Amino acid sequence: MNKWIKYSLLLFLPVGLLLWACFDRTAWDEEFTIEDGRLGTARFTYFEWRFWGHPHIISFGGGTISCAGTFRLDGHRSHWKSIRDERVFTVQFREQRWYAISLDRTHIPREIVIRFYSGKDGETLQEIEPHAYPLKLAIQNLWLHDQDVEVLSVFKPDNYWARESLLAKTWWKVVHGEDVEEVKQDFIEKIAAQEFPGRVSFLPPQPRK
């Protein structure tokens, strides 16, 4: 028996070192608030080729193999996964159905691609056409940076940063089905008035007590 343990260790040790040298798995948790103010949690995992070296000198490796997320809200649950380098920035839940929006970073900065997902509660989300995503739910509620917070707390259509924000680009893709670098001012004004009358800030709402 001890012999088999020894042989197993001799076999699995180099395999483990090889996996560590070649692959990197990261995981983290985030919170989100949906349109009606309820608080949910998201757990993301990324499986990537390990990056070695210095980005400006000599380097090799790097690149996403797969990524996934699990979303939970009041006992409801859903799962998302992709083999592209994607980062989910919106998660919503309405009428027993989950919605998510991601930024496909595979070819950034050469190409920006926003992708939309939906699925029934308890199921894995599937990619859907942009126009099938409800505009009222297309509000960023994950990984907000300081600049995002500043822009979305005011969101003036005549401001350059508002026109090229991820929120504005998302609305444009839902309506027009295409990715753009900068959105037209009159388009933002029209959508805000039609879909969000009287709303100024597009920050996620505070969770209800």
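Just give me the residues in the range 180-190 being farther than 15 Å from Lys169 by Cβ and open to solvent by 90 Å² or more (accessible area, probe 1.4 Å), in sequence order.
Answer for the range 180-190, where residues must be farther than 15 Å from Lys169 by Cβ and open to solvent by 90 Å² or more (accessible area, probe 1.4 Å): Asp186, Lys190.
Which of the residues spanning the range 152-178 are within 22 Å of Ile108 (Cα to Cα) and buried (at least 17 other Cβ atoms within 10 Å of the Cβ)?
Ala162, Arg163, Ser165, Leu166, Leu167, Ala168, Lys169, Thr170, Trp171, Trp172, Lys173, Val174
Go through Arg87, Arg94 for me and flag whichever is open to solvent by 10 Å² or more (accessible area, probe 1.4 Å), touching a residue at least 60 places away in the same chain (Cβ under 8 Å) and touching a Leu at 6+ places or on another chain (Cβ under 7 Å).
Arg94
Which is open to solvent by 60 Å² or more (accessible area, probe 1.4 Å), farther than 14 Å from Thr90 by Cβ and small (Gly, Ala, Ser), of Ala193, Ala132?
Details: Ala132 fails: open to solvent by 60 Å² or more (accessible area, probe 1.4 Å).
One residue alone meets the criteria, Ala193.
Which residues, counting only those in the range 134-160, are more than 10 Å from Phe202 (Cβ to Cβ), more than 15 Å from the chain's Cα centre (by Cα) and in contact (Cβ under 8 Å) with a residue 24 or more places away in the chain?
Pro134, Leu135, Lys136, Val149, Pro157, Asp158
The values are calculated or read from the model by the stated rules, or taken from the named source; none is laboratory data. Note that the coordinates shown come from a computational prediction; the quantities given were computed from them, not determined experimentally. Heads up, the Cβs are rebuilt from the backbone with ideal geometry, glycines too, and the neighbour counts pull from every protein chain shown. Please note that ligands, DNA and RNA were not included when accessible areas were found on the heavy atoms of the full protein model with its side chains. Shrake-Rupley method; radii C 1.70, N 1.55, O 1.52, S 1.80 Å.
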